[in-house]
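Engineer: The following block contains the structure, expressed as structure tokens.
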Amino acid sequence: MIMRFLSILVISFLLSGNALSEPAHFLCKKNKKLFSDGEYPLMVDIDKKKMIRAYTEYEMKISEGYLTGIHNENQPYEIRIVLNRYNLELNVNFFNDGAWNFSNSYKTSCRKVEKKI
């Protein structure tokens, strides 16, 4: 009886895999129109369906090719970010009262990084 229980326990551990994956971390180039050169952090947590870009949290929607983050959905001021899962291109789109603010929206590139600590 005990051996059967231990066997089931060991098999379940082997088959479970990594149920909770670690968040992915990126560095994205800043918008040169508005800021000086440099990069800002982007964290993607698929398990919690959230993204954090430059310390702003976004609710995430997942599709095969894109991760879309939405901050302040249906508010007068809304930000939407769209990360291409294949080439890590990031679109940052600003909306004011439902209208797309083209002057502040931009496209940039990101690179995946590993946490050092």
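Engineer: Take Ile79, Ile52 and order them by how many other Cβ atoms sit within 10 Å, fewest up front. Don't skip to the end; give the middle numbers.
Structural biologist: Numbers: Ile79 20, Ile52 17.
Fewest-to-most ranking of Ile79, Ile52: Ile52, Ile79.
Engineer: Same structure, new question: Please count, across segment 21-113, the pairs of lysine residues with Cα atoms under 17 Å apart that sit 8 or more places apart or on different chains.
Structural biologist: Here the count comes out as 10.
Engineer: Here's something else I'd like to know. Work out the FRET efficiency for Ser63 and Glu39 from their Cβ-Cβ distance, taking R0 = 30 Å, and round it to the nearest 0.05.
Structural biologist: Working: r = 25 Å, r/R0 = 0.85.
Computed FRET efficiency for Ser63 and Glu39: 0.75.
Engineer: By count of other Cβ within 10 Å, fewest leading, how are Met51, Met60, Met43 ordered?
Structural biologist: On the way: Met51 25, Met60 18, Met43 15.
Ranked by crowding around the Cβ, least crowded first: Met43, Met60, Met51.
Engineer: Once you place label points 7 Å from the Cα toward the Cβ at Ser21 and Ala54, how far apart are they in nm?
Structural biologist: 2.7 nm
Engineer: Please report Phe26, Phe94, Phe102 as a ranked list, fewest other C-beta atoms within 10 angstrom at the top and most at the bottom. Don't skip to the answer; put the middle values down first.
Structural biologist: Working: Phe26 20, Phe94 17, Phe102 9.
Least crowded to most crowded, the residues run Phe102, Phe94, Phe26.
Engineer: Multiply the residue separation of Leu88 and Ile46 by 0.36 nm, subtract the distance between their alpha-carbon atoms, and state the gained length in nm to one decimal. It would help to have the intermediate numbers written out before the result.
Structural biologist: On the way: separation 42, 0.36 × 42 = 15.12 nm, distance 1.53 nm.
My answer for the length gained is 13.6 nm.
Values quoted throughout were computed directly from the atomic coordinates according to the rules given, and no laboratory measurement underlies them. Because the structure is a prediction, the values reported are computed rather than measured. Here Cβ is always computed from backbone atoms with ideal geometry, including for glycine, and neighbour counts include all displayed protein chains.
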